[in-house]
Amino acid sequence: MVARNAGIDRYRREAAAGRRVAAQARVLDTGVARDDAALPEGPAPRLIAEETEVGDEQLRLLLLCCHPALSRETQVVLTLRLAGGLTTQEIAAAFLVPEATVQQRIVRAKRKIRDARIPLVIPADLRERAAVLAAVLGLIFNEGYVAHSSTAGTLTRVELADQAIRLTAAAADALPDEPELAGLLALELFHRSREDARTDAGGALVRLADQDHARWDRVMVARGFAALGRALAARRLGPWQVQALIAAEHTRESTDWARIVRYHDLLLQMAPGPVARLSRAVALAEVDGPQAALAEISTIDGLDGYHLFHAARGDLLERTGDRAGAREAWERAAALATNPAEAGYARLRSDACGA
């Protein structure tokens, strides 16, 4: 009976997913903008499948949206909205930009598709779309792993995170010569393995350093190492593989923070950015102390609206003994966090600093 009910549930989920994919395909095919501004009249783009056969319906739609005629940023935003099913609010949170900016990008992308009569095709050679596909799948997983929606009631949207893992595994199988997809799969599995330990019985956030490793899913960790091994065997290291190496280090009994800092140095060479610099500074605190990390953070621009930037400052200031500064930083983090578990944790730390 349990197996039968599980089968029925799976059938219902797949049928619902199929209906959503078909609806999104009609959006592309007709040029209707749904909740975005209306597009000008004109011939609609054609949905064409070329030689390549991709078995997963949603993965096919993701590949269709990753068209090289669009800019990389536009591909990612459009794919997240139409094929990934994320709201403009969730996409804006992922990119640290205003929601209106995301809406404008989506409208411009649809207009370009219609005006230029760009055929939406799945090419015989999928390699040109692998990087964008990985970026999209990574963002979908991130939204599932820590929900940014203002309506989120929990830390994780488990169904969305699992959907991202399923799609990433399908993509890695469809493109076995693209090691970054296997690296992304490893990263997702390592993070997902910690799900049961990330919150306490009351739903409050438990930070990584305080988690009970016995509650981690060791089967999922093993799957992560298997995927990472496949990726590294190609000897074409990329940013997703380096992030997976960092996540893998956290699964060990004793974390080698000096090694993690070196991984972050490598990651910054491959994919520089303020968030990557912030992550390195947090790791540096475990090697050279909180003052060194604060000095690094003070040079990072563009993250004042990012709650984890202020959370990192709050933790580091607290460790240096600056409780007033830490309280202010934690209050700022709580105000910016949209996930209730993250906001609640920041408020608890702020209150502790004022006690």
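The values are calculated or read from the model by the stated rules, or taken from the named source; none is laboratory data. Quantities reported herein were computed from a predicted structural model and do not represent experimental measurements. Please note: Cβ atoms are built from the backbone with ideal geometry, for glycine as well, and neighbour counts cover all protein chains shown.
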(request) Looking for whichever is in a helix (DSSP H, G or I) and more than 23 Å from Arg194 (Cβ to Cβ) here; the options are Leu284, Leu266. Which one fits? (result) Leu266
(request) Inspect all residues belonging to segment 331-343 and state whether any of them is buried (at least 17 other Cβ atoms within 10 Å of the Cβ) and β-branched (Val, Ile, Thr). (result) yes
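Residues of segment 203-213 being at negative phi and touching a residue at least 12 places away in the same chain (Cβ under 8 Å), which ones?
Scanning segment 203-213 gives Ala204, Leu205, Arg207, Leu208, Gln211, Asp212, His213.
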(message) β-branched (Val, Ile, Thr), crowded, with 16+ Cβ neighbours inside 10 Å and closer than 19 Å to Pro340 by Cβ: is that true of Val206 in this structure?
(response) yes
(request) Residue by residue through segment 80-110, note down the ones that are in contact with a Leu (Cβ under 8 Å, 6 or more places away or on another chain), surrounded by fewer than 17 Cβ atoms within 10 Å (Cβ to Cβ) and either assigned to a helix (DSSP H, G or I) or hydroxyl-bearing (Ser, Thr, Tyr) (or both). (result) Val107
(message) Please count how many residues of segment 277-332 are polar (S, T, N, Q) and under 21 Å from His250 (Cβ atoms).
(response) 1
(message) Step by step: first the residues of segment 171-226, then only those that are outside any loop (DSSP other than H, G, I, E, B), of a type outside the set (A, V, I, L, M) and farther than 26 Å from Ala311 by Cβ, then the one that is modelled with the lowest pLDDT. Which residue is that?
(response) Asp173
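Listed here are the residues, each with its yes/no results for (1) of a type in the set (A, V, I, L, M, F, W, C); (2) farther than 25 Å from Ala204 by Cβ; (3) without any contact (Cβ under 8 Å) to a residue 12 or more places away in the chain.
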site	(1), (2), (3)
Ala292	yes, yes, yes
Ser298	no, yes, yes
Tyr306	no, no, no
Ala312	yes, no, no
Glu318	no, no, no
Ala333	yes, no, no
(request) Could you please let me know if Leu137 is within 13 Å of the chain's Cα centre (by Cα), among the hydrophobic types (A, V, I, L, M, F, W, C) and at pLDDT 95 or above? (result) no
